[in-house]
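The structure under discussion appears below in the form of structure tokens.
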């Protein structure tokens with residue numbers, strides 16, 4: 001919830017919003033792709049942070065729509081967590097690392113096929129991120145949000161470069 005908490009508080013820095021508006025902004029930014037935001041947790045997170053005094057419920061409108069506003073305690077929480085995200089390096093949890101651990105359990109033919117299939121998926125994902133960056137330009141997303149997509153594309157490109165090299169090493173009997 002730490003990253004989701006920072007995102008929710010950060011979105012509310014610009015002014016009070018309904019939960020739906022918070023969700024729409026995060027969707028526009030593509031946060032599902034780079035922050036692992038479960039959109040169902042947005043409403044729960046907003047309510048929990050309001051109970052903790054980080055947000056203030058400004059009004060409850062028709063249909064149960066609540067307008068949330070960040071408090072001074074919420075601003076302090078946002079800044080503290082934001083700075084910790086800048087200063088702390090945490091491992092990227094990727095199930096692919098588990099697959100690499102057991103690459104020796106596959107035949108060279110199966111391993112090569114799996115690597116080539118992953119390379120196809122990586123190329124498609126990189127291309128999709130490029131299209132997403134272009135599409136966001138016309139929808140009012142801040143330019144700095146594109147950088148999250150660029151970083152994601154660079155990480156995928158690094159994995160693709162590794163896989164393309166590894167396929168050759170499997171073919172030469174150097175892996176696994």
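Tabulated data for the structure shown
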| quantity | calculated |
| --- | --- |
| Distance in nm between pseudo-label sites at residue 72 and residue 172 (7 Å out along the Cβ direction from Cα) | 6.4 nm |
| Most fluctuating residue given options 142, 95, 108, as computed from a GNM of the chain linking Cα atoms under 10 Å | 95 |
| Folded to 0 to 90 degrees: helix 40-51 orientation relative to the chain principal axis, Cα | 40 degrees |
| GNM result for the chain, Cα springs below 10 Å: residue of 100, 160, 12 fluctuating most strongly | 100 |
| Within a Gaussian network of the chain (alpha carbon springs, distance under 10 Å), most fluctuating of 72, 88, 164 | 88 |
| Cα-based helix-to-principal-axis angle, 72-87 vs the chain, degrees rounded to 10 | 20 degrees |
| Taking 39, 68 and counting other C-beta atoms within 10 Å, the order from fewest to most | 39, 68 |
| Efficiency of FRET between residue 137 and residue 158 - r from beta-carbon atoms, R0 25 angstrom, step 0.05 | 0.50 |
| Matching label, log10 I(q)/I(0) by the Debye sum over Cα atoms at q = 0.11, 0.14, 0.17 Å⁻¹ computed from the structure shown, candidates (1) -0.62, -0.85, -1.06; (2) -0.42, -0.69, -1.04; (3) -0.47, -0.76, -1.10 | (1) |
| Rounded Å value of the spacing that divides the Cα centres of the stretch 91-109 and the stretch 1-52 | 33 Å |
| Structure-based [θ]222 nm, the chain - -39500 (n - 2.57) summed over DSSP H runs of at least 4, per residue, nearest 500 | -22500 deg cm²/dmol |
| For the stretch 123-147 and the stretch 148-176, distance of Cα centres in Å | 23 Å |
| Cα gyration tensor category, rounded, prolate or oblate, for the stretch 15-97 with a/c compared to 1.5 | oblate |
| Extension reserve of the residue 44-residue 65 stretch, reckoned as 0.36 nm per residue once the Cα distance is removed | 6.2 nm |
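Just so you know, all these numbers are worked out from the coordinates, no wet-lab data involved. Just so it is clear, the model here is predicted, and its values are computed rather than measured. Ideal geometry is used to build each Cβ from the backbone, glycine not excepted, and the neighbour counts take in all protein chains shown.
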